[in-house]
Amino acid sequence: MARRRRDLLGLDRALSDRLLPLLVAAMALLAALAMAAALGAAALAARWQGGAAAALIVELPPAADPAAARALIASLPGVAEATLLDRARLAALLSPWIGSAEGFALPALLELRLATAGPEAEALPALIAARLPGARVEAHGLLVARLLALAEGLGALSALVLLLVAAVAAAMVAVATRAGLAARRETIAILHGLGATDSVIAGGFAARLAWLAALGAALGAGAAVPLLLLFGRLAAPLLGPAAAPPWIGLSVLPPLAALVAWVTAQLTVRLWLRQLP
């Protein structure tokens with residue numbers, strides 16, 4: 001009896017606790033994956049930013065004077081800094097592949113830090129070859145710069161997916177609300193005529209739908225955890241600690257889904273009530 005008094009509109013029967021939570025769970029699963037993709041892309045961009053994306057390696061010709069070549073290349077447009085790699089450091093870097101570098105004629109290498117990753121940086125290899133014949137440029141930094149732009153684009157796309165998921169979830173709640181209003185139209189009209197306020201009627205729908213949306217989002221977030229743990233294990237060598245599932249984001253999904261459902265139901269019911277005589 002107490003339950004029936006709390007549910008004067010009969011929303012437990014009008015708003016099913018089966019279909020809507022499952023639909024919201026699917027949306028929450030997509031949102032969790034998009035959130036993880038956005039955070040992973042941001043971590044990749046932060047890891048590359050200012051690192052390999054802004055570097056070039058120049059192998060100087062054997063006859064070149066390293067100090068003069070360094071000064072020449074440092075003066076080129078787009079170069080922020082040119083550093084001559086120490087031979088001891090170069091030998092240490094090569095030791096895992098060739099062992100001791102004694103007896104090898106190691107080339108003189110310059111590490112360049114680029115001021116920008118724009119057209120000036122892309123023109124540097126040809127400019128270096130023209131100014132210093134015989135020099136070889138390893139332009140891995142330009143490739144990484146393009147990968148950085150790709151990672152940033154992936155992050156933006158993931159954010160767009162999150163917005164679309166929220167919009168679709170709101171649309172589903174609006175449809176469910178309209179169906180509930182149609183099913184309980186006579187009851188609502190009677191209660192409204194007896195003095196029930198818009199706030200009471202809209203609040204009943206909003207509370208019921210917020211609960212169903214939160215339940216569905218919790219199911220979707222829980223279903224996403226095994227997938228995110230698997231992807232995180234695969235991405236751990238590349239992302240490090242950032243490969244862990246976004247626990248905070250997953251915990252926010254149910255209350256956020258409840259808020260979206262509550263606001264959508266309130267607006268939908270209040271607009272519908274305005275049409276009553």
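Per-structure values
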quantity: Residue list for the stretch 245-264, restricted to those being among the aliphatic types (A, V, I, L, M) and at pLDDT below 90; calculated: Ile248, Leu250
quantity: Residue among Ala202, Ala171, Ala183 that is within 29 Å of Ala28 (Cα to Cα), modelled with pLDDT under 80 and in the same structural domain as Gly249 (by TED's automatic domain parsing); calculated: Ala183
quantity: Checklist (1) within 16 Å of Ala171 (Cα to Cα); (2) more than 19 Å from the chain's Cα centre (by Cα); (3) modelled with pLDDT of 85 or more applied to Trp272, failing item; calculated: (3)
quantity: Where a residue in the stretch 32-53 is at pLDDT 75 or above and its partner, wherever it lies, is outside any helix (DSSP H, G or I) and not small (Gly, Ala, Ser), with Cβ under 6 Å and at least six apart; calculated: Met35/Pro246; Ala36/Pro246; Leu39/Pro246
quantity: Selection count where residues are modelled with pLDDT of 70 or more, assigned to a loop (DSSP other than H, G, I, E, B) and surrounded by fewer than 16 Cβ atoms within 10 Å (Cβ to Cβ), scope the stretch 108-131; calculated: 1
quantity: Candidates Leu230, Leu209, filtered to the one that is of a type outside the set (Gly, Ala, Ser) and either under 23 Å from Ala169 (Cβ atoms) or not in a helix (DSSP H, G or I) (or both); calculated: Leu209
quantity: Yes/no for Thr197 being over 17 Å from Ala265 (Cβ atoms), surrounded by fewer than 15 Cβ atoms within 10 Å (Cβ to Cβ) and either of a type in the set (Val, Ile, Thr) or at pLDDT below 80 (or both); calculated: no
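The values are calculated or read from the model by the stated rules, or taken from the named source; none is laboratory data. As the structure is a prediction and not an experimental result, all values here were calculated from the model. A quick note on method: Cβ atoms are made from the backbone with ideal geometry, for glycine too, and the neighbour counts reach across all protein chains shown.
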